[in-house]
Each structure stands twice: as structure tokens, then as C-alpha cells.
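The values are calculated or read from the model by the stated rules, or taken from the named source; none is laboratory data. What you see is a predicted model; the values in this text were computed from it and never measured. No Cβ is skipped: glycine too gets one built from the backbone with ideal geometry, and neighbour counts run over all protein chains shown. These accessible areas exclude ligands, DNA and RNA; they are computed on the full protein's heavy atoms, side chains included. Shrake-Rupley method; radii C 1.70, N 1.55, O 1.52, S 1.80 Å.
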Amino acid sequence: QVQLAEAGGGSVQPGDSLRLSCAASGRTLESYSMGWFRQAPGKGREFVAAVSWRDGSVSYADSVKGRFTVSRDNVKNMLYLQMNGLKPEDTAAYYCVADLEVVAETMPWYWGQGTQVTVGS
């Protein structure tokens, strides 16, 4: 019911910024929470940030709090992740996700294909 397509990844230096975008399609998209997970080489998929469908509240992993900002534009059916002060440990494939709720302890139902972010040392 929901399809997601990420864009905006790239190779940058520490301290740089990137803005990821996710184009979402599907009926009743406004009833889904949306967010971002990431997967670094050799690691599992990790929660990054989410926007609740109920009240628009946002949540962040401690590792990105204060540096990343997640936002959602329901008119354009877009989700964004503004990433500032990028660190080498942010290097990962970033996935746009959607579910009734997006939380750290549960893998979301819908996933995009991912966009690679590489932060050099």
C-alpha cells in the first residue's frame, strides 16, 4: 500500500551536511508513521528518526540527536532527513520506512531501497 524511494545520499567529509529525501506513495499515507533506519557495514539495521502519524511528534536515536532533523510534508508526500555535522560513524545505507508506528524495537513494515551515505575520516 506504501512505496518509498530515497534520494540524496553521497560521499562527504566529516562536518558536512546532507539532506535525504523520501518520495512516498500510497493511499492513506497520512495514517502512517514514517522515519529512517540505517545499516552500517557489518551491522544490523538501526533506528534513526521517526515522525508519528498521530500528532506529528518526532523521535531520534541518541546518536543523532541534536544533529539530524526529520520532517514530513504530507502535501508533497515527502519525508526528509536533514543531517548536519556528519561523522564517520554515520556512514551507512539509509532507508526510508513507514508503518502504523515507527519505533526502534520493531522493524517497520515498509522499506525503501536505501541511499548510501559515506562520511570520510
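How much accessible area per residue does the chain have, in Å², with a 1.4 Å probe?
Counting only protein heavy atoms, the per-residue value for the chain is 51 Å².
Rounded to the nearest 0.05, what FRET efficiency do Gln39 and Met78 give with R0 = 25 Å and r taken as the Cβ-Cβ distance? Could you check? Numbers along the way, then the final one.
Numbers: r = 22 Å, r/R0 = 0.88.
Efficiency, from the Cβ-Cβ distance: 0.70.
Could you calculate the contour length gain from Ala104 to Asp16, that is, 0.36 nm times the residue separation minus the distance between their Cα atoms, to one decimal place in nm? Let's see the in-between values first.
On the way: separation 88, 0.36 × 88 = 31.68 nm, distance 2.59 nm.
Stretched out fully, the Ala104 to Asp16 stretch lengthens by 29.1 nm.
Subtract the Cα-Cα distance of Ala61 and Gln116 from 0.36 nm times their separation in residues, and report this length gain in nm to one decimal.
Length gained between Ala61 and Gln116: 17.9 nm.
Quick one: dipole size for the chain, taken about the Cα centre, charges +1 on Lys/Arg Cβ and -1 on Asp/Glu Cβ, in debye to the nearest 20.
I would put it at about 160 debye.
Given Cα positions, please report Rg to Rh for segment 55-99, the hydrodynamic radius being the Kirkwood one.
Expressed as Rg/Rh, it is 0.97.
Using the charge dipole of the chain (Lys, Arg: +1 at Cβ; Asp, Glu: -1 at Cβ; taken about the Cα centre), state which of Ser63, Pro14, Gln3 has its Cα farthest towards the positive end.
Result: Pro14, furthest along the dipole toward the positive end.
Sort 114-120, 45-51, 89-95 by packing, meaning the average of other beta carbons within 10 Å per residue, with the highest value first.
In descending order of packing, they fall as 45-51, 89-95, 114-120.
Across bins of 10 angstrom width beginning at 0, how are the C-alpha pair distances of segment 1-68 distributed, in whole percent?
Result returned by the calculation: 16, 45, 32, 6.
In whole angstrom, note down how far apart the Cα centers of segment 51-121 and segment 9-41 are.
Their Cα centres are 5 Å away from one another.
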